[in-house]
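Data first, discussion second: the structure below is written as structure tokens.
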Amino acid sequence: MTTPAKVLIVEDEKQIRRFVRVAVEEEGCQVAEAETMAQGLLEAGARQPDLLILDLGLPDGNGIDLIRDLRGWSDTPILILSARSQEHDKIDALDAGADDYLTKPFSVGELRARVRALLRRRSRSPEGASPVIEFGEVIADFSRRRVTRNGAEVHLTPIEYRLLTVLVGHPGKVLTQRNLLREIWGPSYVESSHYLRVYVGHLRQKLEIDPTQPKHFLTETGVGYRFLP
Amino acid sequence: MPFDTSANEKHYSGFLRIALTVAACAATTALATPLLGYLDLANIVMLFLLTVLIVAVKLGRNAAILASVISVLCFDIFFVPPRFSLAVSNIQYLITFAVMLVTALTTTHFTSILRQRAQEAVQREQQTQALYQLAKQLAGALTVEQVVEITNRFVHSQLSASSVVLLPSADRKSLDVACTQANLPIETHLVHVSFESGKFVRSDEVRGMGYASLYFPLKAPMRIRGVLAVAFDEQPGEPSDESLSLLDALASLIAVALERLHYVDVAQDSEVKMLTERLRSSILSALSHDLRTPLTAMVGLADSLFLVKPALPPTALETAQALHEQAERLAALVGNLLDMARLNAGEVTLRREWQPLEEVVGASIKLLGNALAEHPVKVMLDNELPLLEFDAVLIERVLCNLLENAAKYAPAQTPIELHAKQTDSVVEVAVLDQGPGFPAHRRDELFNMFVRGQSESGKPGTGLGLAICKAIVEAHGGTIAADNRPEGGAQVCFTLPVGNPPSIEEEPA
């Protein structure tokens, strides 16, 4: 990478901003800061950051509104910082278009890993996802609709296959239950979360080495799922 | 007579009425005598008929009949020759007498029917007016006491009777006399019959003994709200149909008023509850935010010391690491306390969804990460476990607490086992370790707040973990128990009810 990635941090607490800045700079990024939602929106428009790190509890408004505004004209990755008591805020933020979240308190190590993952995804996106993806013992070739595990073909039902393509299509991103249900089963199924859970279970049975302790199809409890290659 | 409200008749007693009738006839005779020379006898008959008519209007039927007879006699004695005797010279006067009597009686009859109708109309008018006033007062009543008072006043003034209102207790098992000083004995059995059946009950046997004899159920649109018991003060006879229908109307008005008050109460209650709930949860989340923000800064700032360039000396980095760990421990503690506060505040809203247990088990193990590094976790779930309905975030918390406890107390490298199997209508989940187990004498207290198995142990903890588990499991309708394994080690087992898992449409292959 020739030019450093630009990261905007929107967080009202000065000390948190400080260490987040240090951590992100350690990743070789250029950092801008904002304290309020209004300022954050201005900065995002002016600087066109490659990643937005956003605290949900801002003094002048709900961070979710900022996400909605931003998603109107930008697909910059967004990393949410939230307190644990805000489960539904987290879901709303992800539904509104945020990519990932960290629950306070979090370690610098976790933060750097998430930042790296989100920036990597961005740098890769222009060429488009490769039609062949490998994870664990599995090779999924989406151009030929073929999934193999240790060389042996795995039979997936149409819904399982569709779920796999959606999850794998957003590596590292947290997909909410609601999102996945709407995408795969249709809008009338958004409340039938047991479908999703049962089918994720099927995918794990067929593709994970230990389905009870999955490494790739991860549960974000109370929120949704995340695929990690 | 309860409805004897006619102003005319009230003023005259029976005796006075006879006297007035006789006087009227005498006056007519006296007035007509000087006119005897000038008027035909036929016209004098007219004067007497006029008198009968006036008496009928003013004094009622019986007086008018009396007046008819007296008039005929007076006419005979004082006017028909030979005068001053009952004898009649001309036989044709007998026809005059007969016609006169028949006319007088017929007039009497029709007049008194008219009179009666008019009286009834007035009575009905008054009743309607009274009910209207009652409805108005009941509509404005703000408390049950007011309803009862308005009722008693109405019954007393309109029917000169006494009444009590009986309202059911909270469990609807017994009925009690509602707030009144009136001391009317009631027959409890009849009250219950009326309340249970929703029908009007009367007992003429108990009336003589001073008991309330009429029991009206207070039937409101939603349910029966109580019973109205009535006793007439001084009336030996049967209560009239009018009084019964008036009481019936009264009972429905009271019922509606009571039901309205009930729903006002319900609405106020739920509003208060909602406000309390909102206040509580906003205090908790403000507290949570305020406590977590500095902790987040501490954890992060301690970490950022590792990034200082040039690198700090190893002892400083060790301190930074210790700071990080202590801050995280503090954060976990705060988390536990806040969770407990939330669960203890009661009425946790569970976000229950149908899901496989397996998933939350995997998520818990992953969440604990390093805390389980020194213990292999053996997960043994029955293959055919049904979907269970639970709040994933909370059950994850239970599993994390149990696994964390096991990892904390069991010696390093010993395996921790997690079993789940269905027995009848519950799924049993057990976490087993090979540690020292629970001290036998404290096993019952383990799930209480701030109780720890080994109070003096050097292991960090607050004694909240198991209390939180218990609150969560019980909120799900399950049970939790701790035990020591026969082969050594501790075992905590909790259950979740199975319920009716939703079906999943088969996917067309």
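The values are calculated or read from the model by the stated rules, or taken from the named source; none is laboratory data. No experiment lies behind these values; they were computed from the predicted model shown. Every residue, glycine as well, gets a Cβ built from its backbone with ideal geometry; the counts of neighbours run over all protein chains shown.
Based on this model, can you work out whether B:Leu131 counts as hydrophobic (A, V, I, L, M, F, W, C) and in contact (Cβ under 8 Å) with a residue 60 or more places away in the chain? Steps first, please.
Numbers: hydrophobic (A, V, I, L, M, F, W, C): yes; in contact (Cβ under 8 Å) with a residue 60 or more places away in the chain: yes.
Answer is yes for this residue.
When you scan the stretch B:353-369, do you find a residue that is more than 10 Å from chain A (Cβ to nearest Cβ), of a type outside the set (D, E, K, R) and within 27 Å of B:Met298 (Cβ to Cβ), even just one?
Yes: one or more hits.
Look through B:Glu318, B:Glu359 and report the one residue that is part of a helix (DSSP H, G or I), of a type in the set (D, E, K, R) and farther than 29 Å from A:Arg226 by Cβ.
Of B:Glu318, B:Glu359, the one residue that is part of a helix (DSSP H, G or I), of a type in the set (D, E, K, R) and farther than 29 Å from A:Arg226 by Cβ is B:Glu318.
Can you go through A:Ala38, A:Ala98, A:Ala32 and tell me which one is part of a loop (DSSP other than H, G, I, E, B) and of a type in the set (A, V, I, L, M, F, W, C)?
Numbers: A:Ala38 fails: part of a loop (DSSP other than H, G, I, E, B); A:Ala32 fails: part of a loop (DSSP other than H, G, I, E, B).
Unique residue meeting the criteria: A:Ala98.
Here is a list: A:Ile133, A:Ile80, A:Ile159. Which entry is under 30 Å from B:Ala327 (Cα atoms) and touching a Phe, Trp or Tyr at 6+ places or on another chain (Cβ under 8 Å)?
Numbers: A:Ile133 fails: under 30 Å from B:Ala327 (Cα atoms); A:Ile159 fails: under 30 Å from B:Ala327 (Cα atoms).
Sole residue among the options that is under 30 Å from B:Ala327 (Cα atoms) and touching a Phe, Trp or Tyr at 6+ places or on another chain (Cβ under 8 Å): A:Ile80.
For the stretch B:196-208, does any single residue satisfy the condition of being at pLDDT 85 or above, in a loop (DSSP other than H, G, I, E, B), small (Gly, Ala, Ser) and surrounded by 11 or more Cβ atoms within 10 Å (Cβ to Cβ)?
Yes, the stretch B:196-208 has at least one match.
Answer yes or no: is there a residue in the stretch B:401-410 that is within 13 Å of chain A (Cβ to nearest Cβ), buried (at least 22 other Cβ atoms within 10 Å of the Cβ) and at pLDDT 90 or above. I'd like the intermediate steps shown before the answer.
Residues of the stretch B:401-410 that are within 13 Å of chain A (Cβ to nearest Cβ), as a first pass: B:403.
In the following step, the residues that additionally are buried (at least 22 other Cβ atoms within 10 Å of the Cβ) were identified as B:403.
Filter again for at pLDDT 90 or above, leaving B:403.
Yes, because at least one residue in the stretch B:401-410 is within 13 Å of chain A (Cβ to nearest Cβ), buried (at least 22 other Cβ atoms within 10 Å of the Cβ) and at pLDDT 90 or above.
Can we say A:Gly28 is out of contact with any strand residue (DSSP E or B) (no Cβ under 7 Å at 6 or more places or on another chain), more than 14 Å from chain B (Cβ to nearest Cβ), of a type outside the set (A, V, I, L, M, F, W, C) and on the phi > 0 side of the Ramachandran plot?
Here the answer is no, as A:Gly28 does not meet what is asked.
Of these, A:Pro59, A:Pro4, A:Pro49, which one is surrounded by fewer than 16 Cβ atoms within 10 Å (Cβ to Cβ), away from every other protein chain (no Cβ under 14 Å) and in contact (Cβ under 8 Å) with a residue 12 or more places away in the chain?
Checking each option against the conditions leaves just A:Pro4.
Keeping to the stretch A:62-80, report how many residues are of a type in the set (A, V, I, L, M) and either without any contact (Cβ under 8 Å) to a residue 12 or more places away in the chain or assigned to a helix (DSSP H, G or I) (or both).
4
Are there any pairs, at least 6 apart or on different chains, whose C-beta atoms fall under 7 Å, with the first in the stretch B:407-431 and assigned to a helix (DSSP H, G or I) and the second of a type in the set (Lys, Arg), and if so, which?
The qualifying pairs are B:Lys408/B:Lys459; B:Tyr409/B:Lys459.
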